[in-house]
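The structure appears right after this line, and notes come after that.
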Amino acid sequence: MKSFLDRFLRMEAAGGILLMLAAVVALFMANSAWLSPAYFAFLDTPFQVRIAELDINKPLLLWINDGLMAVFFLVIGLEVKREMVEGALSSKERALLPVVAAIGGMVVPAAVYLIFNIGDTELAKGWAIPAATDIAFALGVMALLGKRVPASLKVFLLALAIADDLGVIVVIALFYTSEVAIMPLVWSVAATLGLWMLNRRGHGGLSAYMLLGLVLWVAVLKSGVHATLAGVIVGFMIPIKANSGGSPLKKLEHALHPASSFFIVPIFAFANAGVPLAGISLESFQSPLALGVILGLLVGKPLGIYTCSRLAIRAGWAKLPEGANNMQLLATSMLCGIGFTMSIFISSLAFAGQTDLIGLSRLAILAGSVTAALLGYGLLHRSTREEAAKLAELELGQSSKTLSTSSM
């Protein structure tokens, strides 16, 4: 049992599989006559932290969305910084294609959504829902095809998703912050300055960053700006290299990545994917909100990514990922239509307090994301047949060589 668990956790697709299982379990519990009361009571469990005048009193659902997801965004911040300093986004040549693709992959699905909802001020707030890509899910689906997928295509998808996440972070900061409290905002600036000073000194101890990061999270939470942005700021402030040697950023990323992939993201999916289906019919998916989300993910996302990528390649600004073809680029663009975690997160911000709209938008996200995953997998499977045949021939040759050696 232990060896099976070890092998499962080492799989690239493991995070995506857990994410999907958590969502399925949540949907089942939310619509079970026996289990739904316990499920919703669990999410509504009050949890309070009070120190003198500081009082944070929220139901468990909001602790997950504001607290655990701040750690998720911390990991994203660490990944983005590492890629910008020494990875796939570290030079103009490397960054141009995924960045251009990410821009197209945000603008076009947002435009598709607004085509259906521009006339309704309330529904129009959800324009960013189909603009997001779920890194874990998309990479997990691609990983199911193993070595037949060119390594350069995986790097492209990762860089694109990271650039997309950075864009989503900016969108959340600019468009999903309502009222701002001045005094907590001052404390936020002070904590950020403290983190910046530690970074400038090349301080390598993570405890100081985490302590100031906690102060920053509380201050941002109380300011009215979404608290998850604190995680991104902390991630950017942790140095790649410390004066004392070693890499605090890589050390923290290595420590937090498993917890983010195998605990935080599945818990978020479990807490947010449980949508009651009572009253939902096929007609519900013909509503402007559902159509905007589904077609934004299924049509807008791949259209924006593929078109902008091809334009950049034709203009000579960028090159197709090495060893990849246009069909594989299209398949990867389709996989980016898996919004899931990030899309669900944005829906909770766009329609805060409006249970019906949140429920319908999340069902549309699930429908669009699962369909995009199936279509993307199918296209990628078909476009990598030659690579699969070559791998099979290679393995057959190695097996024959082994048999001939053993018979001697």
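Looking at the structure I just gave you, is Ala331 farther than 28 Å from Asp120 by Cβ, among the small types (Gly, Ala, Ser) and not in a loop (DSSP other than H, G, I, E, B)?
yes
Do we find that Ser347 is within 18 Å of Asp66 (Cβ to Cβ) and surrounded by 20 or more Cβ atoms within 10 Å (Cβ to Cβ) in this structure?
Yes.
Name the pairs: first residue in region 356-384 and closer than 21 Å to Ala278 by Cβ and open to solvent by 10 Å² or more (accessible area, probe 1.4 Å), second residue part of a helix (DSSP H, G or I) and aliphatic (A, V, I, L, M), Cβ to Cβ under 7 Å, at least 6 apart or on different chains?
Sorted first by the residue in region 356-384, then by its partner, the pairs are Leu357/Leu289; Leu360/Leu289; Leu360/Ala290; Arg362/Ile344; Leu366/Ala23; Ala367/Ile294.
Checking Leu174 against (1) closer than 29 Å to Ala132 by Cα; (2) open to solvent by less than 70 Å² (accessible area, probe 1.4 Å): exactly one of these is not met. Which one?
So Leu174 meets the others, but not (2).
Run down Leu19, Leu89 and say which single residue is surrounded by 18 or more Cβ atoms within 10 Å (Cβ to Cβ), assigned to a loop (DSSP other than H, G, I, E, B), modelled with pLDDT under 85 and in contact with an Asp or Glu (Cβ under 8 Å, 6 or more places away or on another chain).
Only one candidate qualifies: Leu89.
The values are calculated or read from the model by the stated rules, or taken from the named source; none is laboratory data. As the structure is a computational prediction, the values presented were derived from the model and not from experiment. FYI the Cβ positions are ideal-geometry reconstructions off the backbone, even for glycines, and counts take in every protein chain you see. Accessible surface is based on the protein model in full, side chains and every heavy atom, while ligands, DNA and RNA are left aside. Shrake-Rupley method; radii C 1.70, N 1.55, O 1.52, S 1.80 Å.
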